[in-house]
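Everything on this sheet refers to the single structure shown next.
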Amino acid sequence: MNPQIQTSSTAVPTIGQRLADSARETARSVGAVRIPELLLGTLLIVEAGFGLPVGVNQIAMIALIGLAVAQRPQRELSIPDWVYAAFVIGLFYIAMISLFADPSEFAADWKRRLIRLMLTSLVVLVVASGRIDIRSLLVGVGAGLFANTVLFYAGLAPDTYGGVLSGYLEDKNVAGLAYAVYGILLLSLTQKLSWRILIIAAAAVGVWLTGSRTSIAAFGAALIWVLLAPRLVPLLRAALAGILYWVTQILAEDYSRIGRFSSREGSDLLRSRIDAASQLKVEDTGFWGAGLGEAYVEIEDRTWYFHNSYWSALVEGGWLWLTLVLILTIGIGLSLVRGGRISREIAIGQGAILVLLLCSFRLGEVLFTLPWAVALGYCLRHQLIPVRSRSDVATRHREEVAR
């Protein structure tokens, strides 16, 4: 045999070798996934209750918090005191406003809503605490979204919006927000370009199938942010955020009924009526807010929830509540003034926050939702917390004992 040919054949990996290497790498990745977090992550996307008094995802939230309490952290993390204070003060404030407010006729039960806000706050803290394996949780969320898509088009998941993807998320806008936010966060699972392209493609298809125009525009803006933000200094990052906001608003105003969205004129007229009534209610609400469950309007003997999360916060808790929510979201999540350039992982977290901030202009329930909690927990974990692994602590302790 020609030795040159033999050397060449062994130097260049065959297709079979590449597939085998990829399979081994995938197996190692799967082996590193923690099953409890994976299963709970899968359930976090299930808004449906299946006859239960609450959605499955609320039960999964409680289980996730219980799991965090029951196990030791893999990393020694220090959440800033101001974050705890902001959550405690904010929840106490909104509870007092709701307790002493005079609820309107069709207002939602403020106690149930308060419990959900409390659970959401705890999810932020446990995701950031190091007691939950964020990677396994995101793998589970991704698996849940994929299963939701497959089951929906197989006719096994609920179809509540005439053929556009909703499934167990029960609402196309809720689904659009979930596919957009989690689709961005899933990019943190791998450093390989080919896998990231696959994740982007799958998430983009999911967002598109929901038909949520706001989520589609926000997802595109977040991808641009993830691509460009790590290369920019803080001032240019702030400029980029402003440009992305401006472009998405133009798309929402001037190009919202083209192509597959050309038949939305009737629903857009209804949305305009809801927005007009919502704005009047915002203007009539006092500085302190009217209490949880009041972010709705009545049109033609039907109640409709607001299509603007900022207005929802204003009506429910007034200017103080809105300010606190924005401090948490922007202060933890975006941090445009953070010195120097940022890593790709931080840019991914900021991209997810950008989706939330943009969607809040046109979707009624974005702030203090599960995607908001997971994104904020991810940012808090990667951006603001000094991290020291438990193994490092043990090694240092052994070294001190040896000395």
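The values are calculated or read from the model by the stated rules, or taken from the named source; none is laboratory data. The shown structure was predicted, so the numbers you read here are calculated from the model rather than taken from an experiment. Cβ: placed from backbone, ideal geometry, glycine included. Neighbour counts: every protein chain shown. Please note that ligands, DNA and RNA were not included when accessible areas were found on the heavy atoms of the full protein model with its side chains. Shrake-Rupley method; radii C 1.70, N 1.55, O 1.52, S 1.80 Å.
Results, tabulated for the structure shown:
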| item | result |
| --- | --- |
| Simple spin-label estimate for Q191 and A238 in nanometres, 7 Å along Cα-Cβ | 3.3 nm |
| Estimated dipole of segment 92-236 in Debye, rounded to 20 [Cβ of Lys and Arg +1, of Asp and Glu -1, Cα centre] | 540 debye |
| Largest-first ordering by accessible area, 1.4 Å probe, given options K192, K281, K111 | K111, K192, K281 |
| Residue-normalised accessible area of segment 111-253, expressed per residue, 1.4 Å probe, Å² | 41 Å² |
| Radius 14 Å from Cβ of E170, net charge of other residues (Lys, Arg +1; Asp, Glu -1) | -3 |
| Accessible surface of segment 276-370, 1.4 Å probe, proportion on carbon and sulfur as whole % | 58 percent |
| Packing rank of 306-316, 112-122, where each peptide gets the mean count of other beta carbons within 10 Å, highest leading | 306-316, 112-122 |
| For peptides 133-146, 79-92, sequence by mean Cβ density within 10 Å, most packed first | 133-146, 79-92 |
| Carbon + sulfur, % of accessible area of segment 88-152 - ligands and nucleic acids excluded, 1.4 Å | 73 percent |
| Chain lengthening between T160 and A108 when straightened (0.36 nm per residue, less Cα-Cα) | 16.6 nm |
| Largest to smallest principal axis extent of the C-alpha atoms in segment 281-363, angstrom | 52, 24, 17 |
| Burial ranking of peptide ranges 185-191, 99-105, 45-51, 346-352 (average Cβ count within 10 Å, highest at the top) | 346-352, 185-191, 45-51, 99-105 |
| Listed residue (L185, A239, Y168) projecting farthest to the positive dipole end of segment 168-247, Cβ model | A239 |
| Gained length - M96 relative to D284, 0.36 nm times residue gap less alpha-carbon distance | 65.7 nm |
| Gyration tensor (Cα) of segment 62-150, equivalent ellipsoid semi-axes in angstrom | 29, 21, 9 |
